[in-house]
Amino acid sequence: MKPLRGWQLPFLQDPCFTDLLPLLQRSLLLQGPERLLQRLAPRPSLASETFVAFRDPQAPLGLVVSQRLNRSGSCWQIQHLRSGEASLEAGEAGRMAIEAALVRAAIQGSPNAASWIATSPGTDSTRLGLLRQQGFQQLRHETLWRWEPPQQPLDLALPAELELLPLNRRTALAMWQLEQAALPAQLRQLLDRRVDDLLDQSEQPSLMLLDTNRQQAVAGVRRLRPGHREIPELELSLHPGWQHLLGQPLQLLLEQCASGLGEVLIRSDVLQHDHNQWLQSLGMAPEGEEVVMARSVWRRHAPQTSQVVSRKLEAVLGQLQPGQKPIPTPLGR
């Protein structure tokens, strides 16, 4: 189990890996400059981290690609976990053992990460079981919707108290506050997303509806930067207190953000029945379901630290033992 090196790329011609080659090449190209920058100033890695499992260097058994989800490096995601044809010789149990070892290598390779995110198709019970064995727990069950937006976006006059604004550095705080209100508390804590992270992960056009009376973003749609999917993805956020916007105001946001795109993907929680019915009414078709899994990395204090604390405590208690000389106290003046 070793980090990917450039000389290994020609051996990753297995059909299970070929679609990842552009990503792996880009990651290797970034590693050199990143090592130099980290020597000048310690900082989290920008490039993807890849570990390869192999018995024979010319026949990789599998690989895992992980990527940090925020600038601080506190949250990472397992982007890809693949087994090659060479792993078939080990049987199903052997393949699962290889994938489990790859997940552990990825986690150990980023020791400063406090949490990990992974996704799996809802129907892949084998992958879900493997992630649970590695300490991941289910956070959300999502439906993926495929949508062909109309060529002409909806022309609608918004209510007087709402203003349509683009996402930029001036408005990013309002969008960040909206997402903090819309995300489940546990997922919000694990993602540990800041305003700069929001801007890093967004493309234009990304839009929001601002309540001008309270100067508060109440709905927003972000066009996400390209990930591991070929189809662009939009992320929809709606403030819990503004569910009545589920209709033409949100449709306006979606259509304007999807302008110029042939097809897009949109995620929703399977438990949000009203939300899902509305998405379906716009002509969206369910593409499948994904389970979002998360793992927190708990760290124990270093042993030497606890020993130091123990010695200090013993010293304090020793002063209170009978037979010891009394502790001198200052005389009052």
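Of everything listed in (1) under 28 Å from Glu287 (Cβ atoms); (2) without any contact (Cβ under 8 Å) to a residue 12 or more places away in the chain, the single unmet condition for Ala93 is (1). Filtering Leu24, Leu30, Leu4 for residues that are over 19 Å from Glu99 (Cα atoms) and either surrounded by 12 or more Cβ atoms within 10 Å (Cβ to Cβ) or modelled with pLDDT of 90 or more (or both) leaves a single hit, Leu30.
When we screen Leu178, Leu187 for residues that are under 26 Å from Leu282 (Cβ atoms), crowded, with 18+ Cβ neighbours inside 10 Å and not assigned by TED's automatic domain parsing to the domain that holds Pro22, the only hit is Leu178.
Going by the conditions given, is Glu235 under 14 Å from Leu253 (Cβ atoms), assigned by TED's automatic domain parsing to the domain that holds His275, under 15 Å from the mean Cα position of the chain (by Cα) and assigned to a strand (DSSP E or B)? Criteria met by Glu235. Could you please let me know if Glu179 is of a type outside the set (S, T, N, Q) and without any contact (Cβ under 8 Å) to a residue 24 or more places away in the chain? Spelling it out, it is not the case that Glu179 is of a type outside the set (S, T, N, Q) and without any contact (Cβ under 8 Å) to a residue 24 or more places away in the chain.
Scoring Gly288 on the criteria (1) within 17 Å of the chain's Cα centre (by Cα); (2) assigned to a strand (DSSP E or B) leaves a single failure, condition (1).
Look at the range 11-30: where a residue is of a type in the set (D, E, K, R) and a partner is in a helix (DSSP H, G or I), sitting 6+ places away or on another chain with Cβ atoms under 6 Å, you get Asp14/Glu85. Number of residues in the range 193-226 that are in a loop (DSSP other than H, G, I, E, B) and surrounded by fewer than 14 Cβ atoms within 10 Å (Cβ to Cβ) equals 6. Which ones in the range 262-278 are under 24 Å from the mean Cα position of the chain (by Cα) and not β-branched (Val, Ile, Thr)? The answer is Glu263, Leu265, Arg267, Ser268, Asp269, Leu271, Gln272, His275, Asn276. Being of a type in the set (Asp, Glu) and farther than 24 Å from Arg229 by Cβ is the filter; apply it to the range 86-136 and report the residue that is nearest to the chain's Cα centre (by Cα). Restricting to residues being of a type in the set (Asp, Glu) and farther than 24 Å from Arg229 by Cβ, the top hit is Glu92.
Conditions (1) part of a helix (DSSP H, G or I); (2) modelled with pLDDT under 95; (3) among the β-branched types (Val, Ile, Thr); (4) touching a strand residue (DSSP E or B) at 6+ places or on another chain (Cβ under 6 Å), marked per residue:
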site	(1), (2), (3), (4)
Arg71	no, yes, no, no
Ser87	yes, yes, no, yes
Met96	yes, yes, no, no
Val103	yes, no, yes, no
Asn112	no, yes, no, no
Ile117	no, no, yes, yes
Leu139	no, yes, no, yes
Arg146	no, no, no, yes
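Give the range 151-191 a look and list any residue that's modelled with pLDDT of 95 or more and part of a loop (DSSP other than H, G, I, E, B), or say none. Within the range 151-191, Leu167, Asn168, Arg169, Arg170, Thr171 qualify.
The values are calculated or read from the model by the stated rules, or taken from the named source; none is laboratory data. If you're wondering where the values come from, they're calculated on a predicted model, not measured in any experiment. A quick note on method: Cβ atoms are made from the backbone with ideal geometry, for glycine too, and the neighbour counts reach across all protein chains shown.
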